[in-house]
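Okay, handing you the structure first.
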Amino acid sequence: MLTPERTPLIDSFGRKIDYVRLSVTDRCDFRCTYCMAEDMTFLPRKDVLSLEELERVARVFVALGVRKLRVTGGEPLVRRGVDTLFANLGSLEGLRELAITTNGSQLAQRADSLRASGVTSINISLDTLDPDKFRAITRTGTLEKVIAGIDAAVSASFDRIRI
């Protein structure tokens, strides 16, 4: 097996790579005007890595010295079965930080389980605190759900929450 001490990942500028982002889906429950068309065409499911493949990629990166993984999307929490992926990633030996970038729409229901799975850090994308502007930007979202998600994240005691 490869070990970080023997096979570090180095980029073309000589920097050690110890942080990787994994995009688990191109789908989202918002249709933000700056991000998605109203009638979006998504990748066919056959062209998206399975959760098992994503976990394997993450395991290889951690074995090569990656110490921080950030799970992104689209909105990663809309991916069916992603909770299992978080639990499996959270148990990787050598991983120091498991992070997620989210729009916050699912956090009210999922913050506790994410924290229990080993997620240590959350970035929550929030464009405005004005409910009408929020609705206009996201086309489908409600600010109240995101605020409830932020409150749930605070209650779950993540090491770091960025908004």
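Not counting the cut sites, what is the longest span of the chain without chymotrypsin sites (Phe, Trp or Tyr not before Pro) that DSSP labels loop and that have at most 12 other Cβ atoms within 10 Å?
It runs 35-163.
Within the stretch 51-102, which GluC sites (Glu not before Pro) sit in a loop by DSSP and count at most 15 neighbouring Cβ atoms inside 10 Å?
In loop regions of the stretch 51-102 (DSSP not H, G, I, E or B), the sparsely surrounded GluC sites (Glu not before Pro) are 93.
Also: Among DSSP beta bridges lying fully in the chain, give the percent that are antiparallel, nearest 5.
Of the beta bridges lying entirely in the chain, close to 5 percent run antiparallel.
Expressed in whole Å with the largest first, what are the equivalent ellipsoid semi-axes of the chain derived from the C-alpha gyration tensor as the square root of 5 times each eigenvalue?
29, 18, 15
I'd like the trypsin sites (Lys or Arg not before Pro) in the stretch 63-163 restricted to DSSP loop residues with at most 13 other Cβ atoms within 10 Å, sorted by number.
80, 96, 139
Oh, and also: How big is the charge dipole of the stretch 1-147 about its Cα centre, in debye rounded to the nearest 20, if each Lys and Arg gets +1 on its Cβ and each Asp and Glu gets -1 on its Cβ?
280
Ok, one more. Translational D (Stokes-Einstein, µm²/s) of the stretch 34-96 at 20 °C and 1.002 mPa s when Rh comes from the Kirkwood sum over C-alpha pairs?
Roughly 162 µm²/s, to the nearest whole number.
Counting only heavy atoms of the protein chains, get the accessible area per residue of the stretch 1-159 (1.4 Å probe) and round it to a whole Å² value.
Per-residue accessible area for the stretch 1-159 comes out at 56 Å².
Search the structure for amide H atoms under 5 Å from the amide H of residue 23, placed 1.01 Å from N in the peptide plane, and list their residues when 5 or more places away or on another chain.
So residue 23 has HN proximity to 72.
While we're on this one: Once both labels are modelled 7 Å past Cα along the beta-carbon direction, what's the residue 142-residue 84 spacing in nm?
Those two pseudo-labels are separated by 3.1 nm.
Here's something else I'd like to know. Using Cα-only point scatterers and the Debye equation, what is log10 of I(q)/I(0) for the stretch 80-163 at each q in 0.10, 0.19, 0.20, 0.25 Å⁻¹, rounded to two decimals?
Relative scattering, expressed as log10 I(q)/I(0), comes to -0.25, -0.80, -0.86, -1.17.
Can you give the FRET efficiency to the nearest 0.05 for residue 67 and residue 38, using r as the Cβ-Cβ distance and R₀ = 35 Å?
In this case the efficiency is close to 0.30.
The values are calculated or read from the model by the stated rules, or taken from the named source; none is laboratory data. What you see is a predicted model; the values in this text were computed from it and never measured. All Cβ positions, even for glycine, are placed from backbone atoms using ideal geometry, and neighbour counts span all protein chains on display. In case anyone asks, the SASA skips ligands and DNA or RNA and just uses the protein heavy atoms, side chains included. Shrake-Rupley method; radii C 1.70, N 1.55, O 1.52, S 1.80 Å.
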